[in-house]
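**Student:** Below is one structure. I have some questions about it.
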Amino acid sequence: MTQAHVTARRRALFPEVTPAVSAAAACAAGSGTSRPVLGFSADFKSNLHKVYQAIEEADFFAIDGEFSGISDGPSVTALTNGFDTPEERYQKLKKHSMDFLLFQFGLCTFKYDYTDSKYITKSFNFYVFPKPFNRSSPDVKFVCQSSSIDFLASQGFDFNKVFRNGIPYLNQEEERQLREQYDEKRLQSNGAGALSYTSPNTSKCPVTIPEDQKKFIDQVVEKIEDLLQSEENKNLDLEPCTGFQRKLIYQTLSWKYPKGIHVETLETEKKERYIVISKVDEEERKRREQQKHAKEQAQLLVFLKQSLDDMIRQIRMHGHNCIVGTSHWLSSGEWIREELNDAVGFSRVIHAIANSGKLVIGHNMLLDVMHTVHQFYCPLPSDLNEFKEMTTCVFPRLLDTKLMASTQPFKDIINNTSLAELEKRLKETPFNPPKVESAEGFPSYDTASEQLHEAGYDAYITGLCFISMANYLGSFLSPPKIHVSARSKLIEPFYNKWSQSTELNSLCYAAASR
């Protein structure tokens, strides 16, 4: 796949993320001191601008995840059968590991200060949980593995931060569906009477159909003509389509068929919205329109109440200053955008990382990458090659420090590549530990305390390991180079090696035994 294809697909898959905070979030950020290590929903909302800023200014990122389990069936030995092909190993992990939840995501950003020859770090811990945002939100099912939960508990993991206050998220398809629903509710709340909710009697003029939608609308009209001429059929269910297409359908039908039909938007079990057209007499049409209007008003009242309740919570939490600009916030439809952003939640961070195109570092990162794509982007594809292609679109540059340490010139001088032991070894000759400092207001980790299995700390240690190994490569240059940047040609041979056959075999074993 060419770089042009990768770029085009990434633009299609990931929306641009604006590094700014909405009105309500900015209001929240203006009151009190916020904690740089994010775990709670309120913290996330008020600190999101700090996350965006850290991503924008960083040279590279390190990530790590903590999961509710590793395998729902096979033992580690069975999951890592040495005779499996890379495709078979991918299928095993996809089948037996993806029903677990990634519920802590660690991110550490690294920026090199050329003046003082040191790295500045910003570490974040995100506790994430797929709490239902409203009645129509996905009700996610996931599994837990007792040994994994017991291990995390023994490490002091606070599960209340996940299940009580975890940051919500949506994948791309869930976000698309929710955005369509909100677009219709926004039109209705503004008093414009969203055409997807009103009677076809409202329009008296022909509608202008965009050129790329004419064939679609012509096919819909043809189906309706067949319905009206049929003596047997009373209803017509159209295929699910976009909100814009539904709007065009309503506008067209309101002009072309002022009487004799009733039009309504419904949802499938998968939350896909589609239009149902029924043949009715005038009396029945009016009755159905009244029922539909009453139902929509009730739904809108519930939606408004949820939004106002959230605003009241913000006022109680952050003071009366949050009232400033509230009338504009409500009248402009900003409240709907705010609700949507809250629902998308942590996925916005993943979008920002993906859109940056910068180097992403991990240790034993196959499961981290698989869960990140599966949970915050879309279900994993059926085969390994498509997974590689998709992952390259999302994260163009990945580097696994475990594989890097297992490759020449490190292979012969590093005996143990577990994260804790690797970090210790890289403090010894011939390596030099990097000079690192936490940014003001961010946590300063003490590596002597070994806070392993806190995702933010593991990400921090992973970044340190990468810097030490990268700088070691500089010693082979003439003259030797003390600092090797994340954009150096010396690093390129280690990019995306996790996706090649031999490396995938190694990573599958490492992921299952982490």
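The values are calculated or read from the model by the stated rules, or taken from the named source; none is laboratory data. Only a predicted model underlies this, so the values are computations on that prediction, with no experimental measurement involved. Note that we place each Cβ from the backbone using ideal geometry, even for glycine, and neighbour counts take in every protein chain shown.
**Student:** Find the residue count for segment 371-421, including only residues that are of a type in the set (D, E, K, R) and assigned to a loop (DSSP other than H, G, I, E, B).
**Tutor:** To start, the set of residues in segment 371-421 that are of a type in the set (D, E, K, R) comprises 383, 386, 388-389, 397, 400, 402, 411-412, 421.
Next, only the ones that are assigned to a loop (DSSP other than H, G, I, E, B) stay: 383, 397, 411-412.
The total comes to 4.
**Student:** Mind checking which pairs have a first residue in segment 155-176 that is at positive phi and of a type outside the set (Ser, Thr, Tyr) and a second that is in a loop (DSSP other than H, G, I, E, B) and at pLDDT below 90, Cβ under 9 Å, 6 or more apart or different chains?
**Tutor:** Short answer, once both residue conditions are applied: GLY156/GLN451; GLY156/HIS453; GLY156/GLU454.
**Student:** Pick out, from segment 257-362, the helices (runs of 4 or more DSSP H) lying fully within it that include 1 or more residues that are modelled with pLDDT of 65 or more and either more than 30 Å from MET404 (Cβ to Cβ) or among the polar types (S, T, N, Q) (or both). I'd like the intermediate steps shown before the answer.
**Tutor:** Working: elements: 282-318, 326-331, 334-344, 347-356.
Result: 282-318, 334-344, 347-356.
**Student:** When segment 449-487 is examined, which residues are found to be at positive phi and touching a residue at least 40 places away in the same chain (Cβ under 8 Å)?
**Tutor:** HIS453
**Student:** Which condition does TYR114 not pass, out of (1) under 25 Å from GLY73 (Cβ atoms); (2) out of contact with any Asp or Glu (no Cβ under 7 Å at 6 or more places or on another chain); (3) among the aromatic types (Phe, Trp, Tyr), if it passes all the others?
**Tutor:** (1)
**Student:** For segment 227-235, state whether one or more residues are modelled with pLDDT of 80 or more, part of a strand (DSSP E or B) and under 30 Å from LYS215 (Cα atoms).
**Tutor:** Yes, that holds for at least one residue.
**Student:** Hey, another quick one. What are the residues in segment 399-418 that are in contact with a Cys (Cβ under 9 Å, 6 or more places away or on another chain) and either aliphatic (A, V, I, L, M) or at positive phi (or both), if any?
**Tutor:** Residues satisfying the conditions are MET404, ALA405.
**Student:** Now for a different question. Being hydroxyl-bearing (Ser, Thr, Tyr) and without any contact (Cβ under 8 Å) to a residue 24 or more places away in the chain is the filter here, so list the residues in segment 424-442 that pass it. Let's see the steps before the verdict.
**Tutor:** From segment 424-442, those hydroxyl-bearing (Ser, Thr, Tyr) are 429, 438; that's our starting set.
The answer is THR429, and nothing else.
**Student:** Pairs please, first residue from segment 41-66 and under 27 Å from MET370 (Cβ atoms) and in a helix (DSSP H, G or I), second anywhere and among the hydroxyl-bearing types (Ser, Thr, Tyr) and at pLDDT 90 or above, Cβ atoms under 8 Å, 6+ apart in sequence or on different chains.
**Tutor:** Every condition considered, the pairs that remain are ALA54/THR109; ILE55/THR109; ILE55/SER356; GLU56/SER356.
**Student:** Another question, if that's okay. Taking segment 374-416 only, how many residues are among the β-branched types (Val, Ile, Thr), touching a Leu at 6+ places or on another chain (Cβ under 9 Å) and modelled with pLDDT of 95 or more? So that I can check it myself, show each step before the final result.
**Tutor:** Of segment 374-416, the ones among the β-branched types (Val, Ile, Thr) are 391-392, 394, 401, 407, 413-414.
Narrowing further to those that are touching a Leu at 6+ places or on another chain (Cβ under 9 Å): 391-392, 394, 401, 414.
Okay, now just the ones that are also modelled with pLDDT of 95 or more, so 401, 414.
Matching residues across segment 374-416 total 2.
**Student:** Sticking with this one: How many residues does segment 137-168 contain that are assigned to a loop (DSSP other than H, G, I, E, B) and surrounded by 13 or more Cβ atoms within 10 Å (Cβ to Cβ)?
**Tutor:** Quick first cut of segment 137-168, residues assigned to a loop (DSSP other than H, G, I, E, B) only: 137-142, 144-145, 155-159, 164-166, 168.
Right, trim to surrounded by 13 or more Cβ atoms within 10 Å (Cβ to Cβ) and you get 137-138, 140, 142, 144-145, 157-159, 164-166, 168.
Looking only at that region, the number is 13.
**Student:** Something else now. Since TYR472 meets every condition but one in (1) out of contact with any Cys (no Cβ under 7 Å at 6 or more places or on another chain); (2) within 21 Å of GLN53 (Cβ to Cβ), which condition does it not meet?
**Tutor:** (2)
Let's see how each residue does on (1) more than 19 Å from TYR119 (Cβ to Cβ); (2) under 28 Å from the mean Cα position of the chain (by Cα):
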position: LYS427; (1), (2): no, no
position: ASN432; (1), (2): no, no
position: PRO443; (1), (2): no, yes
position: THR447; (1), (2): no, no
position: ALA455; (1), (2): yes, yes
position: ALA459; (1), (2): no, yes
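**Student:** Give me the residue from segment 451-489 that is in contact with an Asp or Glu (Cβ under 9 Å, 6 or more places away or on another chain) and charged (D, E, K, R) and, out of that set, surrounded by the fewest Cβ atoms within 10 Å (Cβ to Cβ).
**Tutor:** Here the residue is ARG487.
**Student:** Could you look through segment 40-64, keep only residues that are in contact with a strand residue (DSSP E or B) (Cβ under 6 Å, 6 or more places away or on another chain) and at pLDDT below 95, and pick out the one that is farthest from PHE142 (Cα to Cα)? First the steps, then the outcome.
**Tutor:** Step one: of segment 40-64, the residues in contact with a strand residue (DSSP E or B) (Cβ under 6 Å, 6 or more places away or on another chain) are 41, 44, 54, 57-64.
If we keep only those that are at pLDDT below 95 too, we end up with 41, 44.
On the way: SER41: 21, PHE44: 23 Å.
That would be PHE44.
Results for (1) in contact with a strand residue (DSSP E or B) (Cβ under 6 Å, 6 or more places away or on another chain); (2) of a type outside the set (A, V, I, L, M, F, W, C); (3) within 24 Å of LEU464 (Cα to Cα), shown as yes or no for each residue.
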residue	(1), (2), (3)
HIS96	no, yes, no
LEU102	yes, no, yes
LEU107	yes, no, yes
SER117	no, yes, yes
SER123	yes, yes, yes
PRO130	no, yes, no
